[in-house]
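A.B. asks: My questions will all concern the structure given below.
The values are calculated or read from the model by the stated rules, or taken from the named source; none is laboratory data. What you see is a predicted model, and the numbers here were worked out from it, not measured in a lab. As a convention, Cβ positions derive from the backbone with ideal geometry for all residues, glycine included, and neighbour counts pool all protein chains shown. The protein model used for the area step is the full one, side chains on, heavy atoms only, and it has no ligands, DNA or RNA in it. Shrake-Rupley method; radii C 1.70, N 1.55, O 1.52, S 1.80 Å.
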Amino acid sequence: MRDQAGAAPTTDHLLGTSGKVVTAIPADGFGEVLLRLAGQPLKCAARSEQPVPRGAEVWVEAAPTPTSVVVRPVDR
């Protein structure tokens, strides 16, 4: 319980991770994505340069605030 060996994860740890869009992201607004931070699910507000439909896989490019991220769709 008092293990102080590791630092707590921050939103910087989200950079480069993948997630799924749970609320479609319009080109001019916010949607929502489901990510994993230290193994725990985390839902964040998300922006993208292009519209991204619900269910699409995305990569996190930036985390401007603790509750929002900038993403891009994964091209496969």
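A.B. asks: With Cβ to Cβ distances under 13 Å as the rule, what net charge do the other residues near residue 51 carry (K, R +1; D, E -1)?
C.D. replies: Neighbour charge sum, excluding residue 51 itself: +1.
A.B. asks: On the protein heavy atoms, probe 1.4 angstrom, tell me the percent of accessible surface of the stretch 9-61 carried by carbon and sulfur.
C.D. replies: Answer for the stretch 9-61: carbon and sulfur cover 53 percent of the accessible area.
A.B. asks: Now for a different question. Averaging over all projection directions, find the projected area of the Cα convex hull of the chain and quote it in nm² with one decimal place.
C.D. replies: Across all orientations, the chain yields a mean hull projection of 5.5 nm².
A.B. asks: Rounded to the nearest whole Å², what accessible area per residue is found for the chain with the 1.4 Å probe?
C.D. replies: 69
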